[in-house]
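Okay, structure first, notes after.
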Amino acid sequence: QVQLVESGGGLVQAGGSLRLSCAASGGTFSSFAMGWFRQAPGKEREFVAAIRWIVGTTVYAPSAKGRFTISRDNAKNTAYLQMNMLRSEDTAVYYCAARYQGSYNNANDYPYWGQGTQVTVSS
């Protein structure tokens, strides 16, 4: 059974940076893609970024492109989301998720989810 554990959230001022981590276990990582999603209060969960585990291909939402970077460390089975130039509208609970097939940006295609980590950006 795939398990995902996020860490690295917190409170940061606008313009600051945070790095989120997602430690994965129990899966066949050669077939994985991992994604980051976020959900703000009163809003639907939205796609942020995804990475195909073996080849490292990345995909970003327009809101994340140029500010966020998704990466992975194969040896540690850990994915990261480096977030720079944070804005108040980035405030949300951030989730990492894993899937074997489907669309990168469709949350319904991800069967495995972490518990989420809160990111709060103060203006």
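The values are calculated or read from the model by the stated rules, or taken from the named source; none is laboratory data. Fair warning: this is a prediction, and the values are worked out from it, not measured in the lab. Here the Cβ positions follow ideal geometry from the backbone for every residue, glycine too, while neighbour counts run over all protein chains shown. Quick note on the areas: whole protein, heavy atoms, side chains included, nothing else; ligands and nucleic acids left out. Shrake-Rupley method; radii C 1.70, N 1.55, O 1.52, S 1.80 Å.
Remarks
- The stretch 12-54: C-alpha gyration tensor shape, a/c 1.5 cut-off, then a/b vs b/c: prolate
- Residue-normalised accessible area of the stretch 41-116, given per residue in Å² at a 1.4 Å probe: 54 Å²
- Only Lys, Arg, Asp and Glu carry charge here, each on its Cβ (+1 for the first two, -1 for the last two); on that basis the chain has a dipole of about 180 debye about its Cα centre.
- Accessible surface of the chain, 1.4 Å probe, proportion on carbon and sulfur as whole %: 45 percent
- Tensor-based shape of the stretch 28-123 (alpha-carbon gyration tensor, a/c under 1.5 rounded, otherwise prolate or oblate): prolate
- Electrostatic bookkeeping for Tyr60 treats Lys and Arg as +1 and Asp and Glu as -1; over the other residues with beta carbon under 15 Å from its beta carbon, the sum is +3.
- Label-to-label distance, Ser30 versus Val5, with points set 7 angstrom from Cα along the beta-carbon direction: 2.6 nm.
- Tensor-based shape of the stretch 1-84 (alpha-carbon gyration tensor, a/c under 1.5 rounded, otherwise prolate or oblate): prolate
- Simple rule: put +1 on each Lys or Arg Cβ and -1 on each Asp or Glu Cβ in the chain, find the dipole, and look at Gln39, Ser103, Gln3; the Cα lying farthest toward the positive end is Ser103.
- Sorting 3-15, 96-108 by average packing, meaning the other beta carbons within 10 Å per residue, from highest down gives 96-108, 3-15.
- Simple rule: put +1 on each Lys or Arg Cβ and -1 on each Asp or Glu Cβ in the stretch 8-107, find the dipole, and look at Thr58, Ala92, Leu81; the Cα lying farthest toward the positive end is Thr58.
- Amide H contacts of Thr91: Val121, each under 5 Å away and 5 or more positions distant or on a separate chain (H built 1.01 Å from N in the peptide plane; Pro and chain starts excluded).
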